[in-house]
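The structure under discussion appears below in the form of structure tokens.
The values are calculated or read from the model by the stated rules, or taken from the named source; none is laboratory data. It should be emphasised that the depicted structure is a prediction, and the values quoted were computed from it without experimental measurement. For neighbour counting, all protein chains shown are included, and Cβ atoms are generated from backbone atoms with ideal geometry for every residue, glycine included.
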Amino acid sequence: MTASASDASQIKPGWLATFKVYLEAPTLRMLSLGFSAGLPLLLVLGTLSFWLREAGVDRTTIGYLSWVGLAYAFKWLWAPLVDRLPVPLLTRWLGRRRSWLLLAQLGVIVGLIAMSFNDPRIALQPVVWGALAVAFGSATQDIALDAFRIESASSERQAALAAAYQTGYRLAMIWAGAGVLWLAARSEVANVTNYQHAAWQTAYLVMAASMVPGMLTVLMSPEPVYRPGPRAKSARAWLHSALVEPFAEFLQRYGKQAALILALIAVYRISDVVMGIMANPFYVDMGYSKDEVAAVTKIYGVIMTLAGAFIGGAMALRLGVMRVLMLGAVLSAASNLLFAWLGARGHDVTALIFVISADNLSSGIASAAFIAYMSSLTNINYSATQYAIFSSMMLLAPKFLAGYSGRYVDAFGYQHFFVATALLGVPVLLLVGLASRVRRR
């Protein structure tokens, strides 16, 4: 009788039942919240650089202003506060996670409105302060949202939540990328070719209003069950529980294997991140027009990423996270070789569509599995802090190495560069294999 019950509990659901997870309420909520998370990123990085350049800001200054994005890489510094500190008044009303989510979303909205009402051609500094507010609010939202997601469903459903989150995130990036340019273009006064601040103001105000659905989702969502730890008797004890315990708990739980796990997190996306820095210059040098790049990489490419995310989430439920993690690592490295092949063909839109399809599909599969893997590593009592550490760590080394990508292309050419980025994925395969063995034990 016991054996039969055990066998029944191990029966895998069918594919139809597996995909029904995407219709569950927690998954749909994560779709909306993923949109709120993805909206601010381009508005303080890619789209902002377009706006600043059109306003006549020099490229050197624009480059320096990209450091605004470092807020995302160092969000682990204030993650313990988000994990432990209540928000006055809001926490009593909404709970620990939702109060921080709502506060962060309000910060993003205020920052976007401040950016819209300041013309960078006249006064750049207020725009920069607004961008910093958006980046800080967005990074804080990421911290609270990662914890909210991890605590809202069982570990078996984390891959599906990650896929829904990525879907919302990618849709928001289309809206904040192609959408904001479309809005600005259609808000311009006809027959006036000069830079028009009012058009950008309209576009950014619409982007601020686009955060409202996420706020409504927060207000209508249930607060995850809070498992309070022992009450700190002093400020020193509180700091220890908020800052030291999350790090110490992870190291204690995994012991000698912690270094292996952290190494895997630090380099898993290295092929994609390093290659991605030179992707747009490559398109320009190959003679692709703005319309071709926008249509194929910014819209069609995002759709393929979403398809990969859903496939990856479903595969992780059925086959296990580590198997899909290995598949994603193989595909991510191999797809970079396709860019080397594309470089030999020159301007070929059909070939570009094929390469973008393969690359973005691979990226979606890898991302869904990787988010689920990092989620599974957290202790629910420290989920915000620990996940913030993981998500920050996964970008630091790749972003640092990617800074040298332009120099490498100048020295050796695009084809050699793409092959080299593919080879960067080889150590990742070894680390995934070792981590799989640790996970089985």
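Key figures for this structure:
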read-out: The listed residue being in a helix (DSSP H, G or I), modelled with pLDDT of 85 or more, within 20 Å of the chain's Cα centre (by Cα) and buried (at least 17 other Cβ atoms within 10 Å of the Cβ), out of S49, S32; value: S32
read-out: Residue in the range 401-429 that is nearest to the chain's Cα centre (by Cα), counting only those that are under 14 Å from A266 (Cβ atoms) and in a helix (DSSP H, G or I); value: A402
read-out: Flag for A232 being at pLDDT below 80 and either among the aliphatic types (A, V, I, L, M) or surrounded by 16 or more Cβ atoms within 10 Å (Cβ to Cβ) (or both); value: yes
read-out: Sole exception among (1) touching a residue at least 40 places away in the same chain (Cβ under 8 Å); (2) buried (at least 19 other Cβ atoms within 10 Å of the Cβ); (3) in a helix (DSSP H, G or I); (4) more than 20 Å from the chain's Cα centre (by Cα) for V330, by number; value: (2)
read-out: Every residue from the range 64-122 that is of a type in the set (S, T, N, Q) and surrounded by 21 or more Cβ atoms within 10 Å (Cβ to Cβ); value: S99, Q105, S116
read-out: Residue satisfying all of: in the range 350-389; over 30 Å from Q141 (Cβ atoms) and in contact with a helix residue (DSSP H, G or I) (Cβ under 7 Å, 6 or more places away or on another chain); surrounded by the fewest Cβ atoms within 10 Å (Cβ to Cβ) among these; value: A351
read-out: 1 or more residues within 24 Å of P26 (Cα to Cα): qualifying helices (runs of 4 or more DSSP H) within the range 58-150; value: 79-84, 90-94, 96-116
read-out: The listed residue being touching a Lys or Arg at 6+ places or on another chain (Cβ under 6 Å) and not assigned by TED's automatic domain parsing to the domain that holds L395, out of A55, A71; value: A55
read-out: Any pair with Cβ under 7 angstrom, 6 or more apart, that starts in the range 344-373 at a residue that is over 16 Å from A314 (Cβ atoms) and assigned by TED's automatic domain parsing to the domain that holds M394 and ends at one that is assigned to a helix (DSSP H, G or I) and among the charged types (D, E, K, R); value: V349/E292; A351/R345; S363/D272
read-out: Cβ pairs under 8 Å, 6+ apart, first in the range 234-249 and of a type outside the set (S, T, N, Q), second modelled with pLDDT under 70 and surrounded by fewer than 16 Cβ atoms within 10 Å (Cβ to Cβ); value: W238/A232; H240/A232
read-out: Residue under evaluation H347, criteria (1) outside any loop (DSSP other than H, G, I, E, B); (2) surrounded by fewer than 16 Cβ atoms within 10 Å (Cβ to Cβ), criterion not met; value: (1)
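Listed here are the residues, each with its yes/no results for (1) at pLDDT below 85; (2) closer than 27 Å to T297 by Cβ; (3) in the same structural domain as L81 (by TED's automatic domain parsing).
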| position | (1), (2), (3) |
| --- | --- |
| I143 | no, no, yes |
| S152 | yes, no, yes |
| W175 | no, yes, yes |
| A199 | no, yes, yes |
| A203 | no, yes, yes |
| A208 | no, yes, yes |
